[in-house]
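The values are calculated or read from the model by the stated rules, or taken from the named source; none is laboratory data. Owing to the predicted nature of the structure, the values given are computational and were not obtained by experimental measurement. Ideal geometry is used to build each Cβ from the backbone, glycine not excepted, and the neighbour counts take in all protein chains shown.
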Amino acid sequence: MLDIQSIRAHFPILNQEVNGKPLVYFDNAATTQKPLKVIEGVDNYYRTINSNVHRGVHHLSGLATDAMEGARAKIQRHINAAKLQEVIFTKGTTDGINLLTSSLAKGLIKEGDEIIISHLEHHSNIVPWQMLCEQSGALLKVIPINGKGELSLDAYRSLLSAKTKWVAVNHISNALGTINPVKEMIALAHEVGAKVLIDGAQAAPHLQIDVQDLAADIYVLSGHKLFGPTGIGILYGKEDLLNELPPYQGGGEMIAEVTFEKTTYAALPHKFEAGTPNIAGAIGLGLAVDYVNEIGLANISAYEQELLEYATQELKANFSNLRIFGEAEHKTSVVSFLIGDIHPYDLGVILDKLGVAVRTGHHCTQPIMQYFNIPGTLRASFAFYNTKSEIDQMIAALQKGVAMLS
Ligand code: PMP
C-alpha cells in the first residue's frame, strides 16, 4: 500500500488551486511532475558544483563529471543494461529516435530494405522513419490494429521477412494506453535478422524495464515522463550495434583526435554525445530514478491499475453516451474518451475552468484518430500521486461540462 498523502507532499506543484479549484493533474502522459528530490538536486547542482564535464582538471569539473557519470550508472542499473557505455544521454525520446535514423541514413539502409512500424506510434516514431525511407528508398510497412487498440501479431508475422532491417514500436501507446507484447515482437524480428527499436517513453514511468530480458537492440525514453527534468533522455543500445553506427552529430566531446585531414571518434558513450551535455538534466534524471525505486515500480503499477479501473468504471456509470478508445487487455493508466458528439476541446476547456487538467486532441497520433474516424479524444492519464477523489472531481466537472454543452 502506498501512502499517497505523504507521496503528494513530495510534489509541491500539486498543492495549488487553478481557477479557484484544487488542481487535478491528469496530463501525466504528456509530462509528469517532479519530486522535491529532483528539484533540489538540480538546484543544488547549479548552486554548488556547476562546471563543464569530462575535460577539466579542476575540482568543480571533477565533481560535475562524477555526478553526471554517477547518474549514468544509476540508469544503467535501473534498465539493466549490461554495460555503462551502452547508456547514451540524449534530449529525449524524439532525439533518440532521430539519432538512430540519422545514423542509419549514412548508408546503412538501402533501396529494397524494409522497415516496420505500427499503427499505434507517436509521430516521433513515424516521421523520422519516413524521412529515412525517403532518403534511402527503403519501404515503410505498418502493423495494423484492432478496435480495442491492440496490434495484430499475425499481421506483424506476415510483414516480417528477410528484407526487414528494423522494427520500431512503442512499449506503451500514449494515446490508448495499450501495453504491447514487445518481448515477443523483438524475438520474432530477430528470427528474420531484423533489429528493433523500442520507444519506451510511456513505459518508463509505469514498468520495470529490463533491456537485456527484452533483448531490445535500442530502447529510448524521456526523462520528463519519468519524474525527471525536460531536455534529457536515454538511448540504450547494444554495444556492438552502437560501435557499428556512425555518429549522429559532430563536435566537441565526441572525438578522439582532430586534424584537418581526419578525425577519429571517441569511444562509447561519448561518440554519440557531441557538445556540452545537459549535465543538470542527467543528474536530475538519476535522482528521479532513485525516487521511483524508493517507491517501487511494482507498487506504482498496482496502484495505477486501481486508478484506471476506478476511472473506467465511474466514466461508464455516469455517461451513457461514452466512448472509450483503447480497451486493450493489457493497458496502462490512460483513459481516452469522448462523450456524445461533444468536441473534446470544448469539454477540456470547461474541465480546466474547474481545475482539472486533461489533454485534448490527437496526442501526436493522427493515424490512430484516422483509424477511429474522430478528430481527437479527451485523455486522462494517471500517475501514482493521483487519487480516486481526484477522479470524482473530474467526473463532477465532466457532468457540469456535459450539461452546459448538450
Ligand atoms: N513516444 C511516445 C509514445 C510518447 O508518448 C512521446 C511523448 N508524448 C514521445 C514518443 C516523444 O517524447 P519526447 O517529446 O519527450 O521526445
### Query
Being within 16 Å of the ligand (Cβ to nearest atom) and assigned to a loop (DSSP other than H, G, I, E, B), is that true of even one residue in region 133-155?
yes
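Quick check: anything in region 211-225 β-branched (V, I, T) and touching a Ser or Thr at 6+ places or on another chain (Cβ under 8 Å)?
Here is the first cut: in region 211-225, the ones β-branched (V, I, T) are 211, 218, 220.
Then keep just the ones that are touching a Ser or Thr at 6+ places or on another chain (Cβ under 8 Å); that gives 220.
Among the residues of region 211-225, at least one is β-branched (V, I, T) and touching a Ser or Thr at 6+ places or on another chain (Cβ under 8 Å), which makes the answer yes.
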### Query
How about region 177-211: which of its residues are in contact with a Phe, Trp or Tyr (Cβ under 6 Å, 6 or more places away or on another chain) and within 14 Å of the ligand (Cβ to nearest atom)?
I198, G200
### Query
Is it the case that S158 is closer than 20 Å to S336 by Cβ and outside the structural domain of Y371 (by TED's automatic domain parsing)?
no
### Query
For region 156-185, what are the residues that are among the aliphatic types (A, V, I, L, M), part of a loop (DSSP other than H, G, I, E, B) and surrounded by fewer than 24 Cβ atoms within 10 Å (Cβ to Cβ)?
L160, A162
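Yes or no: region 199-209 includes at least one residue that is surrounded by fewer than 18 Cβ atoms within 10 Å (Cβ to Cβ) and in a loop (DSSP other than H, G, I, E, B). Please lay out each step first, then the result.
Kept after step one, since they are surrounded by fewer than 18 Cβ atoms within 10 Å (Cβ to Cβ), are these residues of region 199-209: 207-208.
This time we only want the ones that are in a loop (DSSP other than H, G, I, E, B), so: 207-208.
Yes.
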### Query
Among (1) surrounded by 17 or more Cβ atoms within 10 Å (Cβ to Cβ); (2) assigned to a loop (DSSP other than H, G, I, E, B), where does L235 come up short?
(2)
### Message
Go through region 331-378 and report how many residues are surrounded by fewer than 18 Cβ atoms within 10 Å (Cβ to Cβ) and within 18 Å of E390 (Cα to Cα).
### Response
4
#### Entry: Top-ranked residue in region 210-225 [being assigned to a loop (DSSP other than H, G, I, E, B) and not acidic (D, E); ranked as farthest from the chain's Cα centre (by Cα)]
A215
### Query
Can you name the condition, by its number, that Q399 falls short on among (1) surrounded by fewer than 17 Cβ atoms within 10 Å (Cβ to Cβ); (2) touching a helix residue (DSSP H, G or I) at 6+ places or on another chain (Cβ under 7 Å); (3) part of a loop (DSSP other than H, G, I, E, B)?
(3)
### Task
Say whether the condition of being in contact with a His (Cβ under 6 Å, 6 or more places away or on another chain) and in a helix (DSSP H, G or I) is met by at least one residue in region 293-301.
yes
### Task
Identify all residues within region 84-97 that are within 9 Å of the ligand (Cβ to nearest atom), surrounded by fewer than 24 Cβ atoms within 10 Å (Cβ to Cβ) and either polar (S, T, N, Q) or farther than 21 Å from E253 by Cβ (or both); write none if there are none.
T94
### Task
Working only within region 302-320, note down all residues that are within 22 Å of A9 (Cβ to Cβ) and either surrounded by fewer than 17 Cβ atoms within 10 Å (Cβ to Cβ) or out of contact with any His (no Cβ under 7 Å at 6 or more places or on another chain) (or both).
A302, Y303, E306, L307
### Query
For I218, are the conditions met, namely being assigned by TED's automatic domain parsing to the domain that holds L268, farther than 26 Å from Q305 by Cα and more than 10 Å from the ligand (Cβ to nearest atom)?
yes
### Query
Mind checking which residues of region 106-126 are buried (at least 19 other Cβ atoms within 10 Å of the Cβ) and either away from the ligand (no atom under 16 Å from the Cβ) or polar (S, T, N, Q) (or both)?
I109, D113, E114, I115, I116, S118, S124, N125
### Task
Please work out which one of (1) farther than 30 Å from T377 by Cβ; (2) without any contact (Cβ under 8 Å) to a residue 60 or more places away in the chain is the condition N293 fails and give its number.
(2)
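How about region 3-52: which of its residues are aliphatic (A, V, I, L, M) and touching an Asp or Glu at 6+ places or on another chain (Cβ under 8 Å)?
From region 3-52, those aliphatic (A, V, I, L, M) are 4, 7, 9, 13-14, 18, 23-24, 29-30, 36, 38-39, 42, 49; that's our starting set.
Scanning region 3-52 gives V18, L23, V24.
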